[in-house]
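Peer 1: My questions will all concern the structure given below.
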Amino acid sequence: MSLPRVTVWNEARHEKIHPDVKAVYPDGIHTAIAAFLGKAGFPVRTATLDEPEHGLTEAVLAETDVLTWWGHMAHHDVQDEIAARVQKRVLEGMGLIVLHSGHMSKPFLKLMGTSGALKWREANEKERLWVIHPSHPIAEGLPEHFELPHEEMYGEHFDVPVPDDLVLVSWFQGGEVFRSGCCWHRGAGKIFYFRPGHETFPTYYDPTIQQVIINAVRWAAPGKLPEVTYWHKPEPLEKLD
Ligand code: ZN
C-alpha cells in the first residue's frame, strides 16, 4: 500500500511576529512537523494561511490523504469557502489531524458542531499524558504515560461531541485533566484531535509527540472505501410480495 500523502497546514503568524515563537520554530511550526513526517517516509507538502487560497486549492486537497492543522491567532482569517472545502474533503474520506489551538479552527468546528470551548492557563506547567486505549493504532509503540515538562494547560470541560474513541488523557500540574487524543468519524473521513503543541514550547521536537502524530496519520489515512451510491431508488434485491 502506498503511504498517505500529507499536507501540513499552519497559519504561521506567531512565528512571524513573536520572537519567542520564532526562537523555537525559526522556519515555522509547519516546517518542524513536515520534517519528522517526511523522515517517517510520508510524501509531505506544507500550506500556510497567507498563500493564495491558504495553500489549500481543490488540486492540493484532491492529492491530500491526511491534512494536519495548526492555527491559533488567525482562525477568523480563514475564508469560509476554504473551511467548507476542507470539511467536504473530510466527508469524502480525507483524514484530518487537528493540533492544539486548532480546536477553535473553522474546519474543526464545522465538523464537530459544538463550540470547541475549554479552559486554559499559560503557566509553563508539566503535562503528563496517559495512554488509556492501548490497543488503538494511535497508541502503537507509546509508553504507558509520558510527560512534557512545560506546556500550556487545557482543562475540561472540552465542548466537543463525545469522541468515538479516546486514546490519551492529560493531567496537568495545576490539577486539571483533559481529553488529549480524541477520534471521530465524519462521513467517510477520520478526525484526530491532539492537544499538545503550544507555540512557545518545543513540543513538536519531542519524539513521543512525533510518534503520536505519525501513528495518527496512518490511522486517519483513507483505506480502500467501498463504493456507496446515495440518492437513488434501488430495485429490491429480493422479490417483494
Ligand atoms: Zn496554545
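All of the numbers you see were taken from the coordinates with simple rules; none came from a lab. Quick caveat, the model's predicted, so the values are computed rather than measured. Cβ: placed from backbone, ideal geometry, glycine included. Neighbour counts: every protein chain shown.
Peer 1: Stick to the Cα atoms of the chain, pair each with every other, and give me the Kirkwood hydrodynamic radius in Å at one decimal. Don't skip to the answer; put the middle values down first.
Peer 2: Working: mean 1/r = 0.0542 Å⁻¹.
With all distinct Cα pairs of the chain included, I get 18.4 Å.
Peer 1: Could you give the length gained on full extension between Ser135 and Val162, defined as 0.36 nm per residue of separation minus the Cα-Cα distance, in nm? Display every interim value, and only then the final one.
Peer 2: Working: separation 27, 0.36 × 27 = 9.72 nm, distance 1.93 nm.
Full extension of this stretch gives 7.8 nm more.
Peer 1: Here is a follow-up. Nearest-5 percent of antiparallel DSSP beta bridges in the chain? Display every interim value, and only then the final one.
Peer 2: Values: 25 of 44 bridges.
Roughly 55 percent of the beta bridges in the chain run antiparallel, per DSSP.
Peer 1: Test of understanding: express the Cα radius of gyration of the range 151-241 as a ratio to 2.2 N^0.38 Å, with N the residue count. Walk me through the numbers before you get to the answer.
Peer 2: Details: Rg = 19.6 Å, N = 91, 2.2 N^0.38 = 12.2 Å.
This ratio for the range 151-241 stands at 1.61.
Peer 1: With each label point set 7 Å from Cα along the Cα-Cβ vector, what nm distance links Leu3 and Asp241?
Peer 2: About 5.9 nm, to one decimal.
Peer 1: Considering the Cα positions of the range 8-144, please state its Rg to one decimal place and its Dmax as a whole number of Å.
Peer 2: Here Rg and the maximum Cα pair distance are 15.8, 43 Å.
Peer 1: Additional query: Please list, by residue number, every one of the GluC sites (Glu not before Pro) in the range 48-153 that is coil in DSSP and has at most 13 other beta-carbon atoms within 10 Å.
Peer 2: Numbers: sites: Glu53, Glu58, Glu63, Glu81, Glu92, Glu122, Glu125, Glu127, Glu140, Glu144, Glu147, Glu151, Glu152; in loops: Glu63, Glu140, Glu144.
Within the range 48-153, the qualifying GluC sites (Glu not before Pro) (loop, at most 13 other Cβ atoms within 10 Å) are Glu63, Glu144.
Peer 1: How big is the dipole moment of the chain about its Cα centre under a simple scheme where the beta carbon of each Lys and Arg is +1, that of each Asp and Glu is -1, and everything else is neutral? Debye, nearest 20, please.
Peer 2: Details: 23 positive and 33 negative charges, 54 e Å.
That gives a dipole near 260 debye.
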